[in-house]
Amino acid sequence: MAGNARIVVGVSGSLSGLAALHRAVEEARRRDALLVPVLAWHPVGGEFAYRSRPCPPLLAVWEQAARKRLDTAFEQCFGGYPADLRIHPVLVRDEQPGHALVQIADQDGDVLVVGTGRQGRLARLFHGAVSRYCLAHARCAVTAVPPSELLDALDLAARDGEPMTLPARWTRTADAA
């Protein structure tokens with residue numbers, strides 16, 4: 001499916017976003033598609049505040065920080081940008097990441113990959129709005145990547161204030177090392 005196939009992925013730097021980035025890279029390799037990682041950013045305080053007191057030097061700093069967040073996500077996941085993929089990173093100045101992603105993933109054959117955020121009733125009130133927006137408004141296929149079990153284990157350990165016990169499948173035994 002080479003050619004103009006694209007895998008568009010929302011990048012935020014969150015653990016769910018990193019899981020989505022992993023899935024998008026796998027999909028881009030499988031389809032021999034162009035990977036389009038998208039990071040939506042906006043000025044500190046929002047667009048309204050910036051328009052009332054514009055400062056182009058600060059705007060350049062914020063855009064550079066957004067670029068660094070995108071680079072850091074690839075660094076954390078893969079040690080840098082994978083050399084075996086065609087990648088076209090995109091920074092978008094938009095306060096609504098879901099809207100930006102849907103606008104970019106607009107070609108025939110595009111696949112949009114997003115993290116679903118945390119699970120649970122209370123968490124859904126504060127997280128997952130981007131994935132819900134994309135699922136409701138995208139004109140292409142959407143892959144919603146759920147958080148890993150490890151994220152749930154980390155949350156539980158943080159709430160309890162106790163050291164985290166990893167399930168056996170996530171640990172290495174002495175004879176396997």
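The values are calculated or read from the model by the stated rules, or taken from the named source; none is laboratory data. Everything numeric here is computed off the predicted structure, so don't read it as measured data. Here Cβ is always computed from backbone atoms with ideal geometry, including for glycine, and neighbour counts include all displayed protein chains.
Data for the structure
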quantity: Options SER52, SER14; residue that is free of Cβ contacts under 8 Å to residues at least 24 places away in the same chain and of a type in the set (Ser, Thr, Tyr); calculated: SER52
quantity: Test set (1) over 13 Å from the mean Cα position of the chain (by Cα); (2) modelled with pLDDT of 90 or more - THR72 fails condition number; calculated: (1)
quantity: The stretch 110-127, subset crowded, with 17+ Cβ neighbours inside 10 Å and under 13 Å from LEU15 (Cβ atoms), residue modelled with the lowest pLDDT; calculated: HIS127
quantity: Qualifying residue in the stretch 67-85 (condition: basic (Lys, Arg), closer than 24 Å to ALA20 by Cα, surrounded by 13 or more Cβ atoms within 10 Å (Cβ to Cβ) and in contact with a Ser or Thr (Cβ under 9 Å, 6 or more places away or on another chain)); calculated: yes
quantity: Residue in the stretch 1-9 that is assigned to a loop (DSSP other than H, G, I, E, B) and either charged (D, E, K, R) or under 26 Å from ARG132 (Cβ atoms) (or both) present; calculated: yes
quantity: Residues located in the stretch 32-60, provided they are modelled with pLDDT of 95 or more, on the phi < 0 side of the Ramachandran plot and either assigned to a loop (DSSP other than H, G, I, E, B) or of a type in the set (D, E, K, R) (or both); calculated: ALA33
quantity: Positions within the stretch 82-105 being assigned to a loop (DSSP other than H, G, I, E, B) and modelled with pLDDT under 95, in sequence order; calculated: ASP94, GLU95, GLN96
